[in-house]
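One structure below.
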Amino acid sequence: MRGLYSILLLISSNIFMTLAWYGHLKFSEHKKLASISLFAVILISWGLAFFEYCLQVPANRIGFKQNGGPFSLLELKVIQEVIALVVFLIFSFLFFKNETFKWNHFVGLLFLVFAVYFIFKK
């Protein structure tokens, strides 16, 4: 169960991370938000990143082998990166419909799947 909790927390933290890193790019579509200063956008992003860290840190502590979890440090990092990419893809498909997903993007993601396979191969 610790592995499942860790992964669910990583998914949740990556939703906040993606919103903090890329959500402000949609501000230009809204009149009131388009005029917000860069400093204000940074503060908003930091606020979102706070919640990301509130989920990310426990996810790593719960999932780490030396704390009783099932994952090594490298495994946790690879899981986090794959989750980050999946969350980002879903986010970009939902909110940035003008972005295109090309064949080379697919191949790159396929290589990441292979990376996960090889990282977890005993």
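Laboratory data are not the source of any read-out in this text; all were calculated from the coordinates shown. Because the structure is a prediction, the values reported are computed rather than measured. Note that we place each Cβ from the backbone using ideal geometry, even for glycine, and neighbour counts take in every protein chain shown.
Take the Cα of Leu25, step 7 Å toward its Cβ, do the same at Tyr5, and the gap between the two points is 3.5 nm.
Just the number: Rg to Rh for the chain, Cα atoms, Kirkwood Rh, two decimals. Please list the in-between numbers first.
Details: Rg = 16.7 Å, Rh = 16.0 Å.
That ratio is 1.04, to two decimals.
Label-to-label distance, Phe101 versus Gln66, with points set 7 angstrom from Cα along the beta-carbon direction: 3.8 nm. Would you be so kind as to identify which of Gly3, Phe27, Trp103 lies farthest towards the positive end of the dipole of the chain, taking Lys and Arg as +1 and Asp and Glu as -1 on Cβ and the Cα centre as origin? Towards the positive end, the residue furthest out is Gly3. Return the aspartates and glutamates within reach of Lys26: Cα separation strictly under 16 angstrom, same-chain partners fewer than 8 residues apart disregarded; answer none if there are no such residues. Filter leaves Glu99. Taken along the Cα-to-beta-carbon direction at a fixed 7 Å, the label points for Phe93 and Ser35 span 3.8 nm.
Relative contact order of the chain, taken over Cα pairs closer than 8 Å and 6 or more residues apart, is 32 percent.
Given Lys77/Lys122; Lys32/Lys102; Lys31/Lys97, which pairs have Cα atoms separated by over 22 Å? Mind showing how you got there, number by number?
On the way: Lys77/Lys122 17 Å; Lys32/Lys102 34 Å; Lys31/Lys97 20 Å.
Distance filter (> 22 Å) returns Lys32/Lys102.
How many times 2.2 N^0.38 Å is the alpha carbon radius of gyration of region 65-122?
Numbers: Rg = 14.2 Å, N = 58, 2.2 N^0.38 = 10.3 Å.
That works out to 1.38 for region 65-122.
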